[in-house]
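Each value in this text was obtained by applying a stated rule to the coordinates, not by laboratory testing. A quick note: this is a predicted structure, and the numbers were derived from the prediction, not measured. Cβ placement follows ideal geometry from the backbone for every residue including glycine, while neighbour counts extend to all protein chains displayed.
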Amino acid sequence: MKLAEALLHALKDRGAGEIFGLPGDFALPFFKIAEESAILPVHTLSHEPAVGFAADAAARFRGTLGVAAVTYGAGAFNLVNPIAGAYAEKSPVVVISGAPGTSEHKAGLLLHHQGRTLETQARVFAEITCAQARLDDPARAPAEIARVLGACRAFARPVYLELPRDMVGAECASVGPDPELPENADALAACADEVLAKMRAARSPVLMVCVEVRRYGLEAKVAELARRLGVAVVTTFMGRGLLAGPGIPLAGTYLGAAGDPDVARLVEESDALFLLGAILSDTNFGVSAQRIDLRRAIHAADRQVALGWHVYPEISLAGLVDALLARVAPARNTPAPPQAQAPRGLVADDRPIAPGDVAVAVNDLMDRDGPLPIAADMGDCLFTAMDMANTELMAPGYYAGMGFGVPAGIGAQLASGRRMLILVGDGAFQMTGWELGNCPRLGIDPIVLVFNNASWEMLRAFQPESRFNDLDDWHFADIAKTLGGDGTRVSTRAELAAALSRAAATRGRFQLIEIMLRRGAISPTLQRFVASIKALHSRKA
């Protein structure tokens, strides 16, 4: 078969459901084979950052490979920011970059799209991917593809494949299985025994779940483990939206001093905090009311388990969860503790809308019509989501880059077939909101809530004196029709409730609700987060 076909089959066999891409001359041969072979559907968007965000969202939603295909140089360099975010937040995205042919450089001319050298692009991506390969040898390509895709799945991080355009149609063998990574059965058994002994000996054990649980498709098993252990369960900020099903003993989301004081006390006073797949980032733990002593914690992530200073290397999260389940008997007739409750009951009057009203209105909508998965951008829209019902949620909560929300919602709806709720601020919408114009062609109809305060409001919360945080009012609802959807601008709580009901009832076109907020009005959660960060910085000063 052709090398490009071997690659496409390998992606499909490993769970990829589609390719998000933007063609260019060095990538045209690959796109031609991808389209004509129909091994995976190809969805094109308008700008490469959106391609990266959409592929990232597909990977997050399904817990399998996401795929982003672009051309060399001018295309691939536009992917650097979304792929850096995917690396930071452990999302398995496969970057496929078209490249100059194997002998094109021999003419002695600089090639268009080239940076400093022809290898500059590959060196850049080596910094933000966990494995790389240039597929310039058809004999070696199958093993290289297996190695790189295996690393993507094992480490849940992006990888990079560079495909010279004259190699796309080269004859190539099929791609074999992923290389096996080492895992010592005796070490795994000893690790599981030690983890359980520590949890059982503790006065107040707590299980904290984070992104790796979703990345490795372990939510159902972790939910069962939580039920069997009978311990308190919380998510990190990054893990919000995990374990959203019924009957799971979820106390809430840990936000330190910015969140629920009862949840903060539960975590910070635990003598056996079990961090399952957690990213040790500032957004997860930087606003703790008191410092969490990780020497007393159990941390399972990045294919190792640390119990204080004692580390078990080469232990996969899936292997650890299976070993723990094998050692803990199913719970018998144990009632599930009450879950954390989100605010409900919007007063639909003529008062101006506050960010908290948006959360209440969404909760009321989901009570009536069922849960909606959420793609949130960075900013107060994400902090407002902390008061929404615990439904599936994806957001750049650690990397904290803007522009993720709209293309992520597009990617997730294409990957899942489920209608998405997109939360985005006006600043981020200016970056990537125009990708909604692709929704009619792609056959999707997300509901988009634009938080419009004519401001970079989260930045203003940290530095209110700066006028550069001011934005103009672009009247986003007015352009929705031009892009193929419906737009409504709302300023009161009654208008918000009515617009949400109409949007939920209208299918086949994307629904954009532009929510006008007073400049300076932020959610209580963001207020507490900013206050905690400022207090932390003042103590360090």
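Calculate the dipole size of segment 72-190 relative to its Cα centre from +1 charges on Lys and Arg beta carbons and -1 charges on Asp and Glu beta carbons; express the result in debye to the nearest 20. Before the final figure, lay out each step's value.
On the way: 10 positive and 14 negative charges, 75 e Å.
So the magnitude is around 360 debye.
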- [ ] Report the semi-axes of the equivalent ellipsoid for segment 3-164 in whole Å, largest first, where each axis is √(5λ) for an eigenvalue λ of the Cα gyration tensor.
- [x] 22, 17, 15
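Report, in debye and to the nearest 20, how large the dipole of the chain comes out about its Cα centre when Lys and Arg carry +1 and Asp and Glu carry -1 on their Cβ. Let's see the in-between values first.
Numbers: 52 positive and 59 negative charges, 191 e Å.
The calculated dipole for the chain is roughly 920 debye.
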Task: Computed over segment 22-69, Cα set: Rg, Dmax in Å - done: 11.2, 32
Task: Viscosity 0.890 mPa s, 25 °C: Kirkwood-radius Stokes-Einstein D of the chain over Cα pairs, µm²/s - done: 101 µm²/s
Task: Candidates per trypsin sites (Lys or Arg not before Pro) in segment 90-187, loop by DSSP, up to 14 other Cβ within 10 Å - done: Arg116, Arg140
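With a sphere of radius 9 Å drawn around the Cβ of Arg14, what net charge do the other residues whose Cβ falls strictly inside it have (Lys, Arg +1; Asp, Glu -1)? If you can, show how the numbers build up before the last one.
Values: positive: Lys12, Arg153; negative: Asp13, Asp178.
Net charge in that neighbourhood comes out at 0.
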Task: At most 12 other Cβ within 10 Å, DSSP loop - trypsin sites (Lys or Arg not before Pro), segment 177-244 - done: Arg203
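What ranking do Phe285, Phe125 get, fewest neighbouring Cβ atoms within 10 angstrom at the top?
On the way: Phe285 20, Phe125 24.
Least crowded to most crowded, the residues run Phe285, Phe125.
What whole-number volume per residue, in cubic angstrom, does the convex hull of the C-alpha atoms of segment 355-529 give? Spell out each step's value before the answer.
On the way: hull volume 17.9 nm³, N = 175.
That works out to 102 Å³ per residue.
In percent, what relative contact order does the chain have, based on Cα pairs under 8 Å that are 6 or more apart in sequence? Numbers along the way, then the final one.
Numbers: 1185 pairs, mean separation 69.6, N = 541.
It rounds to 13 percent for the chain.
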Task: Distance histogram for segment 33-124 (every C-alpha pair counted, 10 angstrom bins, percent rounded to whole numbers) - done: 16, 43, 30, 10, 1
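For Cα pairs less than 8 Å apart in space and 6+ apart in sequence, what is the mean separation divided by the residue count of segment 3-164, i.e. the relative contact order in percent? List each step's numbers first, then the result.
Details: 310 pairs, mean separation 39.6, N = 162.
Relative contact order here is 24 percent.
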- [ ] Just add up the charged neighbours of Pro138: K/R +1, D/E -1, any other residue whose Cβ is under 13 Å from the Cβ of Pro138.
- [x] -3
Open item on the list: What percentages make up the Cα-Cα pair-distance distribution of segment 185-327 when the bins are 5 Å wide from 0?
Closed with: 2, 11, 22, 26, 22, 13, 4, 1, 0
- [ ] Would you tally the net charge around Phe53, using a Cβ to Cβ cut-off of less than 11 Å, leaving Phe53 out, and scoring K and R as +1, D and E as -1?
- [x] -3
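When the helix-only estimate is applied to the chain (DSSP H runs of n ≥ 4, each -39,500 (n - 2.57), divided by the residue count), what is the mean residue ellipticity at 222 nm, nearest 500 deg cm²/dmol? Mind showing how you got there, number by number?
Details: 21 runs with 208 residues, N = 541.
Helix-only estimate at 222 nm: -11000 deg cm²/dmol.
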